[in-house]
Amino acid sequence: MGLKRLDANQPPERFYRGGAKIDRFRGTAKGPDFRPEDWVGSTTTLAGEQRLGLSRLRDGRLLADAIAADPIAWLGAEHVGAFGPSTMLLVKLLDAGQRLPVHAHPDDAFSAAHLHRPFGKAEAWYILDGGIVHLGLRRDIDRHALAELVRWQDTTALLGLLHEREVEPGDVVYVPPGELHAVGARVFLLELQQPEDLSILLEWHGFALDGVRDGHLGLGFDLALRAVNTRERSPAELDAWILPAAEGLSILPPESAPYFRLDRHVVEGSVSIEPGFAIMVVEDGEVKLSTAARSTKRAKRGSTIAAPHAEGPITATGSGTLLVCRPPRP
């Protein structure tokens, strides 16, 4: 089976600018603007699409098809027994060429009840290039008052509702479902999320969006805004969601553990990585990855690799930093 190198997978013509930092990170030629997301190891499509967003292996197969053909080898028997053949994970590189709009994502219960989808969308960010992020309400707001701000597209007031924090490379941020948030301009991050593309957009003025048509998941804003938390979040709550740079296993805030895991290994010599399905990203340097099944890959900064469960433990040697994105533990 072997470790699988993953090429860039950047859906074009998104509604916000970006893409140059992804090109630089991967060491590829500069492409056009409005390609701000690289869907890494994706078995998830963009909302409303049949294939766009899906990752393709270098042998031509869709990763989703390869996993469906042999889920035990890819994901492991324990994972499949607990979760079925879903990877339970979507990984992205995101280059905010402009500030993203204020938005939120539904939780599992809302998604199941109103969208008939298996997942909501919790997400977490590992910061590669820092800047400003906006997350969580600074005060309670009445749902009707929030709807009026959306109706009038009062973008200054919407953004002003949120806490503002500066983040630095290596910091991690957990964004629970339902929490209003926005990524600031020039922030570059690695995102882990549940495998869905579901966003409730409260702001679209100045973006290539028709929010009146597309901002409410097809539910209308009266219903969609019920998925949005309208309760104040304290600075202490934000401190639990935004953590400084760390090294080792499970560096994300503990509250995110039901959804995904992120391990950060600083490789100087040799590091052992436990078996299990993973999407691996080389943050810097160059490493050699060797598996118990005798698959070997050399990977430099910007490389992305899918590791099947059947490959067993992985040994990383060389000098660099390796980010290992994983689904939740069964």
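Every number here is computed from the coordinates shown, using simple stated rules; none is lab data. Note that the structure is predicted; figures quoted are calculated from it, not measured. Cβ placement follows ideal geometry from the backbone for every residue including glycine, while neighbour counts extend to all protein chains displayed.
Miscellaneous remarks
- Yes/no for Leu54 being buried (at least 18 other Cβ atoms within 10 Å of the Cβ) and touching a His at 6+ places or on another chain (Cβ under 6 Å): no
- Among residues of segment 27-72, those that are touching a helix residue (DSSP H, G or I) at 6+ places or on another chain (Cβ under 9 Å), in a loop (DSSP other than H, G, I, E, B), charged (D, E, K, R) and closer than 22 Å to Leu192 by Cβ, counted: 1
- Selection from segment 59-107 of residues that are under 17 Å from the mean Cα position of the chain (by Cα) and among the aliphatic types (A, V, I, L, M): Met88, Leu89, Leu90, Val91, Leu93, Leu94, Ala96, Leu100, Val102, Ala104
- Each residue in segment 57-79 was checked for being crowded, with 18+ Cβ neighbours inside 10 Å and of a type in the set (A, V, I, L, M, F, W, C), and 6 pass.
- Among residues of segment 307-330 that are at positive phi, those with a beta-carbon under 9 Å from a residue that is of a type in the set (S, T, N, Q) and surrounded by fewer than 21 Cβ atoms within 10 Å (Cβ to Cβ) at least six positions away or on a different chain give the pairs Gly318/Ser270.
- In summary, no strands (runs of 3 or more DSSP E) completely within segment 134-242 bear 2 or more residues that are touching a His at 6+ places or on another chain (Cβ under 7 Å) and of a type in the set (Gly, Ala, Ser).
- Scanning segment 73-85 for residues that are free of Cβ contacts under 8 Å to residues at least 60 places away in the same chain and not in a helix (DSSP H, G or I), we see that the one that is nearest to Gly27 (Cα to Cα) is Pro85.
- Search result, residues across segment 86-114 that are buried (at least 18 other Cβ atoms within 10 Å of the Cβ), assigned to a helix (DSSP H, G or I) and not polar (S, T, N, Q): Asp108, Phe110
- Hits in segment 253-271 (condition: outside any strand (DSSP E or B) and either among the β-branched types (Val, Ile, Thr) or crowded, with 21+ Cβ neighbours inside 10 Å (or both)): Ser256, Tyr259, Phe260
- Of all residues making up segment 285-305, the number that are surrounded by fewer than 16 Cβ atoms within 10 Å (Cβ to Cβ) and outside any loop (DSSP other than H, G, I, E, B): 5
- Being under 23 Å from the mean Cα position of the chain (by Cα), surrounded by fewer than 21 Cβ atoms within 10 Å (Cβ to Cβ) and not polar (S, T, N, Q) is a property that does not hold for Arg138.
- Condition met for Val183 (surrounded by 22 or more Cβ atoms within 10 Å (Cβ to Cβ), within 28 Å of Asp23 (Cα to Cα) and hydrophobic (A, V, I, L, M, F, W, C)): yes
- Of the criteria (1) surrounded by fewer than 22 Cβ atoms within 10 Å (Cβ to Cβ); (2) touching a helix residue (DSSP H, G or I) at 6+ places or on another chain (Cβ under 8 Å), which one Pro308 fails: (1)
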